[in-house]
Every structure is written in C-alpha cells, then in structure tokens.
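Notes follow once the structure below has been shown.
Any read-out appearing in this document is the output of simple, stated calculations on the displayed coordinates, not a laboratory observation. Bear in mind that the values here come from a model prediction, so they are computed numbers and not experimental data. Cβ coordinates were reconstructed from backbone atoms using ideal geometry, including for glycine residues, and neighbour counts include every protein chain displayed.
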Amino acid sequence: MAYPTYGRLEAQLGTLRFSVLFLGSGICGNLLSSAGRVSGVGASTACYGLIGADLAVSWIMWPHFDEELKVRAMQQLKAMAIGLMMWEMLLHGAVDHLGHLGGLIGGLSIMPLIVLRSNTVDDHRLRITRFVGGFALTAVIIICLAAIILAGRAAHGSAEDDYCAKLYNR
C-alpha cells in the first residue's frame with residue numbers, strides 16, 4: 001500500500017503523530033473490546049490500527065496512484081484480507097475480534113485527522129475523509145463508553161445478587 005512498512009510510517013508521520021495513531025487505535029480497540037465484555041491484554045488492537053491507517057492513506061491517495069500501483073495495492077489488500085481472515089478464524093477462541101475491529105476502525109478514523117496535507121492530495125477528498133473519520137471516531141467512543149457504562153450498571157445488580165447468594169449458601 002502507500003506505506004509498505006510501519007517503521008517507514010513512523011518516519012513519515014513523526015514520533016508524536018505516530019504515537020497518537022498507535023495509542024489512539026489501541027484505546028479504540030480496547031474500548032470496543034470492553035463494550036463487548038471481553039477482556040484482553042496486548043498491543044494487537046493498536047497493530048490493527050496501523051493496518052486501518054494504511055487503508056486510510058491508500059483511500060486518500062488512490063486518485064494519484066498510477067495503474068501499476070493501483071494493481072499492486074489491490075493485490076496487497078487482498079493478500080492482507082485473506083491472511084487476517086485466516087488468522088482470526090484459526091485462532092477463533094483465543095483472539096479478541098472486537099478489539100481488532102475497534103483498532104482497525106480507530107486507525108481508519110485517526111489517520112485522516114493526523115496526516116499532513118501535501119501537494120499530491122486532493123483537498124476535497126481529504127476534507128471529506130477527515131470529517132467522516134472524526135465523526136466515526138466520536139461515534140465509536142460514545143457508543144463504546146455508553147455500552148460499558150450500561151453493561152456495568154446491568155451487571156452490578158447481578159454481582160450483588162451472586163455475592164448475597166454465596167453468603168446465604170454457606
């Protein structure tokens with residue numbers, strides 16, 4: 001795609017913007033994971049955010065790709081999609097699917113907000129992508145926080161009931 005390696009992505013974005021992307025994607029992934037009542041530990045949500053960022057850059061730059069680069073980008077996208085689907089299916093029980101999805105959405109949403117405008121970027125396409133990315137990021141965060149809060153309130157009564165039942169059943 002536009003950035004074949006993530007070390008190169010950090011070099012092009014700079015340490016601060018890359019850190020915002022990586023940590024923000026990780027937070028989005030963990031929020032969606034928590035909203036789905038799954039607990040997990042690791043940086044895979046943030047790594048999926050880097051994949052989402054790569055997709056966002058490809059979307060923004062697509063009109064400026066020549067035909068050969070478009071064909072190569074589509075081949076890489078297909079290979080990545082097949083590889084990720086196989087990974088998710090083979091490790092079905094041990095993988096935090098919601099966390100990975102949240103990280104991917106986070107990267108897709110954050111990257112347009114932090115990427116610098118260049119002479120090769122279509123301003124209108126970048127503005128629309130930034131608006132959609134900002135809206136999606138805000139919506140994901142609000143929905144996840146609401147789900148976490150509501151799930152916590154709903155589970156609170158049942159946890160107390162379980163505790164009381166254990167006390168009485170001694």
- Query: How high is the relative contact order of the range 6-168, in percent, with contacts defined as C-alpha pairs under 8 Å that are six or more residues apart?
  - Reply: 34
- What the Cα atoms of the range 6-168 span along the principal axes, largest first and in whole Å, is 72, 33, 25
- Query: Points 7 angstrom from Cα along the Cβ direction at residue 146 and residue 68: gap in nanometres?
  - Reply: 5.0
- So the FRET efficiency between residue 124 and residue 88, C-beta based with R0 = 30 Å and rounded to 0.05, is 0.30
- Query: Using a basic spin-label model with each label point 7 Å from the Cα along Cα→Cβ, how many nm lie between residue 80 and residue 139?
  - Reply: 2.2
